[in-house]
Amino acid sequence: EVFKSTGYEPEVQIGHGSSGIVWAARHRKTGQKVAIKQIIAPFKTKQTSKRTLREAKLMTHNSHENLMSAYEVIELENVGDVLIVMEQMDTDLAGVIESKNNISPMQHQLFIYQILRGLKYLHSANVIHQDIKPQNCLVNTNCDLKITDFGSAVERGSELKITVTEDSDATTLWYRAPEILMKTKKTSTAVDVWSVGCIFAEMVTGKPLFKGSDASEQLSLILDVAESCSRKNSDPDIVSVVAVT
């Protein structure tokens, strides 16, 4: 009933998050298969209003093959929800990794290459995604990849707009850069590159690189590795080898 006036027929729920539900759907007249993100109560607070408008605006203007774009954005006046209609993909990178199927080195390169291509386009427009993770990298059977979920995106150099407490899914923390975990005032494109590195490590090993249960533990795991690397780099034998070369 909620979708009755939209021209689309929802078929099955394929995802959910802190802001709403994602449906596999089809257009009633043309039969075109689409995915619809239903943002529930998008204007309940100032923060959710900004997040909704930010995502709708970016997805409407995206014109890169590795970034998900919106076919249309619909406001359901009867219930107050917002629908973002987009291309329907087969799965996400999290599903590919969890399938335990052997991912070849060439596929690793292909997926990472496409993520970096999409980010290069975003960054060239002075936009930082801030929420790159396997669940936000959608793929199809041809291994085409599109980055989605732009609700946390900000302009380069602007004040940090995302907090770790916003996340309903703790796994999101596994890909967060230290700058975000430490709540620095400003962010840079480096936070997206950090996330890509975490994804690459997970594809190779089959498990998350840093698997913290909360922000504090996540930061602790990162700092432990950084400290270990620092000790190794300060080894006198290593220093002497570097000096000779």
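Over the chain, what relative contact order in percent results from Cα pairs under 8 Å that are six or more residues apart? Before the final figure, lay out each step's value.
Values: 394 pairs, mean separation 34.6, N = 245.
For the chain, the relative contact order is 14 percent.
Gaussian network model of the chain, Cα springs within a sub-10 Å range: biggest mean-square fluctuation belongs to which of Glu227, Glu75, Glu11?
Glu227
Quickly work out the Glu75-to-Ser216 label distance, labels modelled 7 Å from Cα along the C-beta direction, and quote it in nm with one decimal.
Going by the 7 Å Cα→Cβ label model, 4.2 nm.
Going down the table (Lys33/Lys186; Lys57/Lys100; Lys100/Lys146; Lys133/Lys186), which pairs top 29 Å between alpha carbons? Could the numbers behind the result be given before it?
Numbers: Lys33/Lys186 40 Å; Lys57/Lys100 36 Å; Lys100/Lys146 21 Å; Lys133/Lys186 20 Å.
Long pairs (Cα-Cα over 29 Å): Lys33/Lys186; Lys57/Lys100.
For Gln47 and His16, what does the FRET efficiency come to when R0 = 22 Å and r is the distance between their Cβ atoms, rounded to the nearest 0.05? Could you put the intermediate results ahead of the total?
Working: r = 19 Å, r/R0 = 0.88.
About 0.70, to the nearest 0.05.
Given an 8 Å cut-off on Cα distances and at least 6 residues of separation, report the relative contact order of segment 91-232 as a percent.
Details: 189 pairs, mean separation 33.9, N = 142.
Over segment 91-232, the number comes to 24 percent.
Do the sum for the chain: with -39,500 (n - 2.57) for every DSSP H run of n ≥ 4, divided by all residues, what is the mean residue ellipticity at 222 nm, to the nearest 500 deg cm²/dmol?
On the way: 7 runs with 90 residues, N = 245.
When only DSSP H runs of four or more count, the value is -11500 deg cm²/dmol.
Residue separation times 0.36 nm, minus the C-alpha to C-alpha distance between Met182 and Ala24: what's the value? Walk me through the numbers before you get to the answer.
Numbers: separation 158, 0.36 × 158 = 56.88 nm, distance 3.70 nm.
Here the segment from Met182 to Ala24 would lengthen by 53.2 nm.
Each value in this text was obtained by applying a stated rule to the coordinates, not by laboratory testing. Everything quoted here is computed from the prediction, not taken from an experiment. So basically every Cβ, Gly included, is an ideal-geometry build from the backbone, and we count neighbours across all protein chains shown.
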